[in-house]
């Protein structure tokens, strides 16, 4: 497994732990985390990488472009398309 996939799993685990002690809240968070994971793996590898770096590591578009050595416009396009695909995919789980 890639380092980024492991990092995403850790973020999801932290989210599931949360502050809630209600089993229903924990179950719903678990279902949402599972759905998000299912949707993320459907993205193109580069889109998944850019979206994950932007939101898990909280990198700006400019930082991503510099780190990945790709044009800023490409980063913005991949993030927009990736988020659009995630929204569509997640809506099926709602």
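The values are calculated or read from the model by the stated rules, or taken from the named source; none is laboratory data. Just so we're clear, the structure is a prediction, and the values are computed from it rather than from any experiment. No Cβ is skipped: glycine too gets one built from the backbone with ideal geometry, and neighbour counts run over all protein chains shown.
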So, in the range 42-94, exactly how many residues are in contact (Cβ under 8 Å) with a residue 12 or more places away in the chain, assigned to a helix (DSSP H, G or I) and closer than 24 Å to residue 28 by Cα? 10
Residue 56 fails exactly one of the following numbered conditions: (1) surrounded by 14 or more Cβ atoms within 10 Å (Cβ to Cβ); (2) touching a helix residue (DSSP H, G or I) at 6+ places or on another chain (Cβ under 6 Å); (3) at pLDDT 90 or above. What is the number of that condition? (3)
Can you name the residue in the range 14-30 that is surrounded by 11 or more Cβ atoms within 10 Å (Cβ to Cβ) and part of a helix (DSSP H, G or I) and is also modelled with the highest pLDDT among such residues? 30
